[in-house]
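A short reminder: the numbers here are calculations on the coordinates, not readings from a lab. Quantities reported herein were computed from a predicted structural model and do not represent experimental measurements. Here the Cβ is made from the backbone with ideal geometry for all residues, glycine too, and neighbour counts use every protein chain on show.
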């Protein structure tokens with residue numbers, strides 16, 4: 001039982017900052033003539049990412065390979081699948097890919113092909129994480145159970161003293177846990193961190209079942225027809241491990257670092273001290289904003305503040321919106337934080353894990 005039930009949790013009502021920053025972003029698009037969604041760059045990018053995945057998979061499965069070629073291809077496959085998740089699935093799931101609902105839905109279904117459930121993810125990420133980011137007991141993304149302590153409001157175990165070393169390896173198991181356990185657990189229980197998860201019906205159920213079948217067919221059945229079991233399982237684990245580390249680290253660098261806040265609602269009223277948009281900014285940290293290659297690969301998720309404020313705007317615009325958002329934050333006294341480089345963000349996450357394991 002949560003101290004504050006999900007239905008009772010409310011943010012502060014007054015949020016002038018939100019109104020101003022939304023107006024300025026709208027003016028930016030009006031003056032520039034750019035479209036918020038349906039950007040040609042995204043369609044080209046999608047084609048590149050799926051081609052990358054298809055080539056890596058085809059060479060790995062259908063051509064005879066030595067280990068010194070198979071392992072790099074498995075790593076390439078893991079990276080390409082993570083990139084599809086960051087870019088295509090993520091924008092589609094947020095309806096930031098296109099103005100057409102069916103295109104967004106189709107792009108979000110990339111997750112079902114990769115092994116997850118777009119139905120569960122929409123609730124877990126779009127609704128729960130984006131509404132209650134970094135609120136312990138509500139944001140499922142900062143809850144990794146007994147394995148680690150990411151929030152100062154979670155219980156500390158003695159072995160957490162070493163979590164700043166061992167968690168990096170455990171991050172690689174994210175896809176296996178997610179695809180083989182979490183989705184099924186959430187569907188059977190009908191909830192995620194105390195928040196109701198509607199069970200899929202109709203088309204959602206079809207996508208879920210067909211997606212799982214397609215994933216298991218591509219990941220295991222087809223390769224097992226052509227290669228020994230030990231080779232299939234070993235290379236699947238390598239690709240999955242790479243994918244898991246990349247997915248996990250990108251999330252952690254935005255929310256589980258030293259300058260991100262972990263506020264809690266007042267138990268008596270269920271109210272947060274800040275308005276929703278201020279909460280989004282202060283629980284999130286940007287990183288490596290000038291690194292265009294990294295930004296291209298991770299779908300602009302190094303601009304997490306902009307993404308949390310404007311999740312329905314295509315990520316290709318975030319690097320242009322960041323200075324506007326930062327300036328508005330300074331005017332309103334909102335704590336806008338960013339790490340200058342990827343390595344600085346990694347170091348901050350390492351220090352945060354160490355701090356949470358010892359305090």
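Quick notes on this structure:
- In this label model, residue 189 and residue 354 are separated by 3.3 nm, measuring between points 7 Å along each Cα→Cβ vector.
- Approximate spin-label separation residue 209-residue 51, in nm, with each point projected 7 Å along Cα-to-Cβ: 3.7
- Between helix 229-255 and the chain there is an angle of about 10 degrees, using the helix long axis and the longest principal axis of the Cα atoms.
- Fully extending the segment from residue 28 to residue 106 would add 25.2 nm, taking 0.36 nm per residue of separation and subtracting the current Cα-Cα distance.
- Site pair residue 292 and residue 36 shows an inter-label distance of 2.6 nm when each label is modelled 7 Å from Cα along Cα→Cβ.
- Once the Cα atoms are used to define both axes, helix 67-84 deviates from the longest principal axis of the chain by about 40 degrees.
- Between residue 201 and residue 156, the contour length at 0.36 nm per residue exceeds the alpha carbon distance by 12.2 nm.
- Taking packing as the residue-averaged number of other Cβ atoms within 10 angstrom, the listed peptides 74-87, 338-351 run from highest to lowest as 74-87, 338-351.
- Acute angle (nearest 10 degrees) that the helix 40-62 long axis makes with the longest principal axis of the chain, alpha-carbon atoms: 30
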